[in-house]
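The values are calculated or read from the model by the stated rules, or taken from the named source; none is laboratory data. None of these values were measured; they are calculated from a predicted model. For neighbour counting, all protein chains shown are included, and Cβ atoms are generated from backbone atoms with ideal geometry for every residue, glycine included. Protein only, heavy atoms only, side chains kept; ligands, DNA and RNA dropped before computing areas. Shrake-Rupley method; radii C 1.70, N 1.55, O 1.52, S 1.80 Å.
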Amino acid sequence: MHRTQSATTNKQFYASPKSPLAKYRNSLWWWLVASWVFLIVISKKHEYGSLWLPIVFTYVVVAIFDSFLKRRLPYDQPIITLDDDDIESLLFAGAIKRHSWGELVEANVSKFKNMPFIQFRLQALVGVIDDSMTWTGINPARPVLPISSLSAEDQIELLEIINQRLGFAQSTSKSTGNSSASQSANNFATNPLAEEKAFHDQLEAYAPIAWITWLLIGVNVLVWIAMWHTGAKIEQTPPEQLLSWGGNTAFDVQRGEWWRMATAMFLHGSLIHLGINMAGLYVVGGVVERIYGHLPFTLIYLGSGLIGNGLSLYFGAQYAVSAGASGAVLGVTIALMVGMYQHRERLPKIFSKRRLSGIVLFVFYALLYGFINRGIDNAAHIGGMLTGCLLGLLLPERLDMESFKHRVKKHLIIGLSSTVIATTALVSMSPQATLNIKSELKNQALLVQGANSIFHELVLLDLDIVTFRRGQMSAAELNSKIKNTYLSGLKQAIQQLSEVRLAESDQRLQMLQEMKLSTALLVSIFELAPFQKPGSGKTQPTDLERATLIKDKLKAITARILHEGHKVRRL
């Protein structure tokens, strides 16, 4: 009787272009082409000839990886075959590609990087050790079957059939007195992938398009592109540009520019900085927006960013330009964790486990990176996470739609009011900032400009002195260049340096004074009449030996100045 019932389970499964693996494979090529386009756009015309090497290298790497993925997607032949006696698949890890239903005790479904797989457990057999501590990492007693080549519908159907077959095999084993099988049970009496799909379908029904998430990503990207067109570099946005575009500083906020706490959320210090934050928002934003709703999600994002920047007024923004969406993104991430915890009994286990592990890793990385790097504003991270946690607890989730409809308006008002009050309190109670970063950046720019001008003039002068000493330039020609070129350049640099205002406690003040004094002394030497070196009978445009000593000292000072700088950014 059982054999007749099980005959309906004969089935062959084929790879699908709609499978997660096929979509991942396609995305690889799209990202590769997009990176090529971006590389060409940001390169200058004279650099085009040097682009062929990275383009060819990335193509080869992706092509090799793609060939591995392609072998797992044979569309013209079945990749998994089920019949009354066995399950067979070339995708089984290890040398054994066929297993009988009678030897399978249980099966677990899980995901690795969003790619599902099934891990079976065999009955205790002689010679098969339940241990994966081999150089391949394969456990012969627990064969693994990747199913990411199948469409979502086929994955669900496959699990249903396996569930039925294992139940049938175990009931047969019980009737024959097999105690090992009778003491084991199939690990998924319900289909976890079916549950997860139903959950995602439910979220999609709430909001087919997470348009707030896409809008925020678009605004952040467009702002960075606009900043790049006005001088920002891919690897580092100058702090003065961050400040002029609305970066957060305690000195300016305390003098009425509160809007900086909002605008700073949409500024980033580099392309990597932007990429990390937008990747995080892309991963969690859509889910949170669908679970909490468009307006509550917006409140969580903006509220976390505002309060994070408010907390930054006590720390990083006291002495640096603070910018970045990481406080807001971390707030959204923690709100998702809170929602998952509150409704843990309703969520598919496979979804909860995978999401929770990803959230923990992201938060841990953000905090760790902030603690080990001085330029990272961890106060904004912590402020954003605390806000996301509190708003996540306050705001209702759509997972309980009846409760959501009755509570959402009231709790939105409470959350918005609390955010405004908390932001106001943080600004009002923040310690008085003594460092005017705008003035400091202006002084730093003048100092660097002056040092650059001096260094540039001295390098060119060195070349002309070498040419003169080799007899390839006359004293009159060198004197003319000194009087008409180098003197005016050095005097202009002195004028720039005279506009720099540094505090008495500033470590650069002594270097500034030495640089101004040395430059003035060098100018006075160059302004003297042509000098005749004793005993040589030769005339030279000035006392080159004395000028060289001053010049070398001046070059050392300017080199130190040029290596100074306040590189401020936030993850």
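If residue 335 satisfies every condition in (1) of a type in the set (A, V, I, L, M); (2) open to solvent by 10 Å² or more (accessible area, probe 1.4 Å); (3) touching a Cys at 6+ places or on another chain (Cβ under 9 Å) but one, which is the exception?
Residue 335 satisfies every listed condition except (2).
Taking residue 289 as the residue in question, decide whether it is of a type in the set (Asp, Glu) and in contact with a helix residue (DSSP H, G or I) (Cβ under 7 Å, 6 or more places away or on another chain).
Numbers: of a type in the set (Asp, Glu): yes; in contact with a helix residue (DSSP H, G or I) (Cβ under 7 Å, 6 or more places away or on another chain): yes.
Considered against the rule, which asks whether it is of a type in the set (Asp, Glu) and in contact with a helix residue (DSSP H, G or I) (Cβ under 7 Å, 6 or more places away or on another chain), residue 289 comes out as yes.
How about the range 466-491: which of its residues are closer than 21 Å to residue 525 by Cβ, exposed (fewer than 15 other Cβ atoms within 10 Å of the Cβ) and of a type outside the set (D, E, K, R)?
Result: 466, 467, 474, 476, 480, 484, 485, 488.
Of all strands (runs of 3 or more DSSP E) completely enclosed by the range 48-163, which ones contain at least 2 residues that are among the β-branched types (Val, Ile, Thr) and either at pLDDT below 90 or surrounded by 12 or more Cβ atoms within 10 Å (Cβ to Cβ) (or both)?
On the way: elements: 78-82, 86-89, 98-100, 104-112, 115-122, 144-146.
The qualifying strands (runs of 3 or more DSSP E) are 78-82, 104-112.
If the Cβ limit is 8 Å and pairs must be 6+ apart or interchain, which residue in the range 392-419 that is of a type in the set (A, V, I, L, M) and modelled with pLDDT of 95 or more pairs with which residue that is crowded, with 16+ Cβ neighbours inside 10 Å and not in a helix (DSSP H, G or I)?
412/395
Quick check: is even one residue across the range 26-46 open to solvent by 70 Å² or more (accessible area, probe 1.4 Å), among the polar types (S, T, N, Q), on the phi < 0 side of the Ramachandran plot and at pLDDT 85 or above?
yes
Looking for whichever is at pLDDT 85 or above, out of contact with any Phe, Trp or Tyr (no Cβ under 7 Å at 6 or more places or on another chain) and outside any loop (DSSP other than H, G, I, E, B) here; the options are 193, 215, 203. Which one fits? Walk me through how you get there before you give the answer.
On the way: 193 fails: at pLDDT 85 or above; 203 fails: at pLDDT 85 or above.
Only one candidate qualifies: 215.
Please pick out the residue among 290, 260 that is on the phi < 0 side of the Ramachandran plot and modelled with pLDDT of 95 or more.
Working: 290 fails: modelled with pLDDT of 95 or more.
When all the criteria are applied, what remains is 260.
Name the residue, out of 314, 319, 341, 282, that is hydroxyl-bearing (Ser, Thr, Tyr), in contact (Cβ under 8 Å) with a residue 60 or more places away in the chain, out of contact with any strand residue (DSSP E or B) (no Cβ under 9 Å at 6 or more places or on another chain) and closer than 29 Å to residue 114 by Cα.
282
Which members of the range 496-524 meet the condition of being polar (S, T, N, Q), loosely packed, with under 15 Cβ neighbours inside 10 Å and farther than 18 Å from residue 440 by Cα?
Answer for the range 496-524, where residues must be polar (S, T, N, Q), loosely packed, with under 15 Cβ neighbours inside 10 Å and farther than 18 Å from residue 440 by Cα: just 524.
Considering only the range 258-273, I want to know if a residue exists there that is more than 24 Å from residue 314 (Cβ to Cβ) and in a helix (DSSP H, G or I).
yes
Restricting to the range 414-465, name every residue that is of a type in the set (Gly, Ala, Ser) and open to solvent by 20 Å² or more (accessible area, probe 1.4 Å).
Taking the range 414-465 as the starting set, the residues that turn out to be of a type in the set (Gly, Ala, Ser) are 415, 417-418, 422, 425, 428, 430, 433, 439, 445, 450-451, 453.
Selection gives 417, 418, 422, 425, 428, 439, 445, 453.
How many residues, within the range 228-251, are charged (D, E, K, R) and under 20 Å from the mean Cα position of the chain (by Cα)? Lay out the reasoning, then the answer.
First, the residues of the range 228-251 that are charged (D, E, K, R): 233, 235, 240.
Adding the requirement that they be under 20 Å from the mean Cα position of the chain (by Cα) leaves 233, 235.
Count: 2.
Which one of these does residue 399 not meet: (1) in contact with a Gly (Cβ under 8 Å, 6 or more places away or on another chain); (2) open to solvent by 60 Å² or more (accessible area, probe 1.4 Å)?
Condition (2) is where residue 399 drops out.
In contact with a helix residue (DSSP H, G or I) (Cβ under 9 Å, 6 or more places away or on another chain), closer than 30 Å to residue 349 by Cα and either of a type in the set (Phe, Trp, Tyr) or open to solvent by less than 30 Å² (accessible area, probe 1.4 Å) (or both): is that true of residue 251 in this structure?
Numbers: in contact with a helix residue (DSSP H, G or I) (Cβ under 9 Å, 6 or more places away or on another chain): yes; closer than 30 Å to residue 349 by Cα: no; either of a type in the set (Phe, Trp, Tyr) or open to solvent by less than 30 Å² (accessible area, probe 1.4 Å) (or both): yes.
So residue 251 does not fit the description; no.
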